[in-house]
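These notes are about the structure you will find just below.
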Amino acid sequence: MSNLPRRRRTGLSGHRDFRSLWIADTVSQFGVQVSVLAMPLVAVLYLHSGPQAVGVLVAMEFLGSLLIGLPAGVWCDRGRRRPIMVCADLVRAVLLASVPLAAWCGALTIWQLYAVALAQGFATVFFDVAYQSYLPTLIPPGDLVEGNTKLQASASVAQMAGPSVAGVLVQLLTAPVAITANAVSFGLSGLFIANIRQTEPAPSRPEKPRLLRDVREGLGLVLRDPILRTIAGATAAVNLFMSVFAAVITTFLAHDLRLSAGLIGVLMTAGSAGGLAGALAAPGLIRRAGLARGVWLPPLVGLPLGLLIPLTHGGIGLIAFVVGWLGCSFAIVAYNVAQVSLRQTLCPEGALGRMNATMRFLTWGVMPLGALLGGALGAGVGARSTLWAAQLGELLVPLILIASPLRRIRELPAGGQEPTPSRDSEPSAVDGVRQPVAHGGHPSGSG
């Protein structure tokens, strides 16, 4: 009784176990952002690799989603998710620690970077699927938007500060040693997750578990439902073209514009402030416009600003990069808060792992292709032309979303209720959209 008023005042900030998960995620996100800049810089500056090698490196990191994404979802539905997250964190810590160790011994090669990126990607698949599936069991359904907002806000702050920290660490310590920060962050993340006290419900296990049957159920849920199918398609488009972008942006800034590692970090930090703004704006947007509109409005408004990024030049022209990245990061983070909350609300708890793994397979499986495509285009037509292709491709995302039933729906309630049409929608356009989800399917992924 005495804790209830405090919970109402503080929201999830007063929820001890959520706080542990939140701190763990924040710490690991900072480490990830250091690695996002440091790993390509290891390849470019330390190993003198070209755009194609960097593209392969980025592809290796995301190949795990394509290779083991679907079985990972089945595994996460059959076991408790918290131990899976702890194990994944510790594996990632050990893998990343091998990079500075090899550099110190003078034995670091691009092949080791490929192997670390691939194995780390496998561990990340298990962590992310378990993580998105674990949150709805840790907090009440009505707190999912708040929970996802806090987690996305932490990711955005990390994205803002992480590149600057990475740039300074790379300049002071060299790129391989800077990766040590990421290894430490994963170790700390695992400790905080292990500190969660709430007992996780035991998963229901089929008498005769069948991997292929469970995988088919997850795929069927997402592919049969128009709304989940739309989210999968839009998120896949975001990830595909962002992977093209990621494959060449370091080369573009470091080689084409001849910027220092420190300045690159500052630029990424300034542009990433849009992500924090998107996370903070998402709950208000969802309250006023509804959860469905909260999915498609941010990409419609923010992604066109990304066309400024290929216009970036030195000096005052760097403002184009900052404004363009502000718009993209705002759109993607606000979109993520809405679409992840929507999926978690719609999916039955026992199917969250398979749902999240299926969505991740469909939406992250394109990332190796995008990275390889970006590397090939960067080597063939140059980094700036490749950035034009990436940012024009991102404009497909709002088109996919507004052409779907989401444009004609305001809310997508859980529990078998009918969706709430917007005032300008036709009721017949949304009949039955949610039926497959409310009555027995599953999905996930990420934006």
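What to note about this one:
- Residues in the range 364-375 that are part of a helix (DSSP H, G or I) and either open to solvent by less than 50 Å² (accessible area, probe 1.4 Å) or aromatic (Phe, Trp, Tyr) (or both): 7 in all.
- Residue match in the range 121-129 (condition: open to solvent by 40 Å² or more (accessible area, probe 1.4 Å) and either in contact with a Phe, Trp or Tyr (Cβ under 9 Å, 6 or more places away or on another chain) or modelled with pLDDT under 85 (or both)): yes
- Cβ-Cβ under 8 Å pairs, at least 6 apart or on other chains, the range 26-40 side free of Cβ contacts under 8 Å to residues at least 24 places away in the same chain, far side not in a helix (DSSP H, G or I): none
- Test: residue in the range 248-266 that is of a type in the set (Phe, Trp, Tyr), farther than 22 Å from residue 366 by Cα and touching a residue at least 40 places away in the same chain (Cβ under 8 Å): yes
- Contact map, the range 95-121: residues that are part of a helix (DSSP H, G or I) paired with residues that are among the acidic types (Asp, Glu), Cβ distance under 6 Å, separation 6+ or inter-chain. Pairs shown: 117/61; 121/61.
- Output for the range 288-318, where each listed residue is part of a helix (DSSP H, G or I) and not hydrophobic (A, V, I, L, M, F, W, C): 288, 293, 294, 298, 299, 302, 304, 306, 310, 315, 317
- Residue in the range 11-23 that is aliphatic (A, V, I, L, M), at pLDDT below 85 and either under 15 Å from residue 108 (Cβ atoms) or not in a helix (DSSP H, G or I) (or both) present: no
- Checking each residue of the range 227-235 against the condition of being part of a helix (DSSP H, G or I), in contact (Cβ under 8 Å) with a residue 40 or more places away in the chain and more than 17 Å from residue 296 (Cβ to Cβ) gives no match.
- Close pairs from the range 75-91: first in contact (Cβ under 8 Å) with a residue 12 or more places away in the chain, partner surrounded by 21 or more Cβ atoms within 10 Å (Cβ to Cβ) and not in a helix (DSSP H, G or I), Cβ under 9 Å, at least 6 apart: 77/442
- Selection of the range 131-181 for residues being outside any helix (DSSP H, G or I) and within 21 Å of residue 89 (Cβ to Cβ) yields 139, 179.
- Picking from residues in the range 52-107 that are open to solvent by 50 Å² or more (accessible area, probe 1.4 Å) and more than 19 Å from residue 118 (Cβ to Cβ), the one that is modelled with the lowest pLDDT is 78.
- Screening residue 306 against (1) closer than 18 Å to residue 249 by Cβ; (2) more than 17 Å from the chain's Cα centre (by Cα); (3) open to solvent by 10 Å² or more (accessible area, probe 1.4 Å); (4) modelled with pLDDT of 85 or more leaves a single unmet condition, (3).
- Annotation note: Cβ proximity below 7 Å between a residue of the range 13-24 that is touching a residue at least 60 places away in the same chain (Cβ under 8 Å) and open to solvent by 50 Å² or more (accessible area, probe 1.4 Å) and a residue that is assigned to a helix (DSSP H, G or I) and of a type outside the set (D, E, K, R) (sequence gap 6+ or interchain) occurs for 22/151; 22/154; 23/192.
- Scanning the range 46-94 for residues that are of a type outside the set (D, E, K, R), over 19 Å from the mean Cα position of the chain (by Cα), under 25 Å from residue 222 (Cβ atoms) and assigned to a helix (DSSP H, G or I) turns up 71, 74, 75.
- Restricting the range 189-218 to residues that are among the hydrophobic types (A, V, I, L, M, F, W, C), surrounded by fewer than 19 Cβ atoms within 10 Å (Cβ to Cβ) and assigned to a helix (DSSP H, G or I), the residue that is modelled with the lowest pLDDT: 211
- Odd one out for residue 321 among (1) over 14 Å from residue 286 (Cα atoms); (2) part of a helix (DSSP H, G or I); (3) open to solvent by 10 Å² or more (accessible area, probe 1.4 Å): (3)
- Filter result for residue 314 (open to solvent by 10 Å² or more (accessible area, probe 1.4 Å) and among the small types (Gly, Ala, Ser)): yes
The values are calculated or read from the model by the stated rules, or taken from the named source; none is laboratory data. Model, not experiment: these values are computed from the prediction. A quick note on method: Cβ atoms are made from the backbone with ideal geometry, for glycine too, and the neighbour counts reach across all protein chains shown. Only protein heavy atoms, including side chains, enter the accessible area calculation; ligands, DNA and RNA are left aside. Shrake-Rupley method; radii C 1.70, N 1.55, O 1.52, S 1.80 Å.
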